[in-house]
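Below: the structure, in structure tokens.
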Amino acid sequence: MTVAAIKEYVGVPLDTVANFHGNQLLYVCWDGHLMYAAPFIFGPAPTMKFIDVLKQLVEPVIKDHPDTPRIDWLKTEWEKGDKPWRPDFDKSIAENGLVHKEYLRFRTPGLTGYRGLGI
């Protein structure tokens, strides 16, 4: 559908890194666990260690899933931008090459969701 505007429209994005006080948006999705139907979005500092992102930000929001206590983060499989990726858990977000609005997906081998149903 075309749009007819009475003057030039210039959209100004409000989700630029400059608007997050030095923090950056990080999208994280747990594949195969549809209890969480969409990725989570977090706003950590780029200096935060990746393992701290998992322990302090991700785990609290997935704590109600029965698989969460059995996650072994060292055995998780990761994707960044639809390509396999391996984080260094002891390095910061920035040191792992993650940028503002990065989208990460992780899988937990052997954990197949509630009662093996992928939920």
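Using a probe radius of 1.4 angstrom, the carbon and sulfur fraction of the accessible surface of the chain is 58%. Over the residues of the chain, the helix contribution to mean residue ellipticity at 222 nm works out to -500 deg cm²/dmol, using -39500 (n - 2.57) for each DSSP H run of at least 4. Taking every protein chain into account, the accessible area of the chain amounts to 65 square angstrom per residue (probe 1.4 Å). Along each principal axis, taking the top coordinate minus the bottom one, the Cα set of the chain gives 57, 35, 26 Å in descending order.
The values are calculated or read from the model by the stated rules, or taken from the named source; none is laboratory data. Note that this is a predicted model, so its numbers are computed, not measured. Heads up: the accessible areas ignore ligands, DNA and RNA and are worked out on the full protein's heavy atoms, side chains in. Shrake-Rupley method; radii C 1.70, N 1.55, O 1.52, S 1.80 Å.
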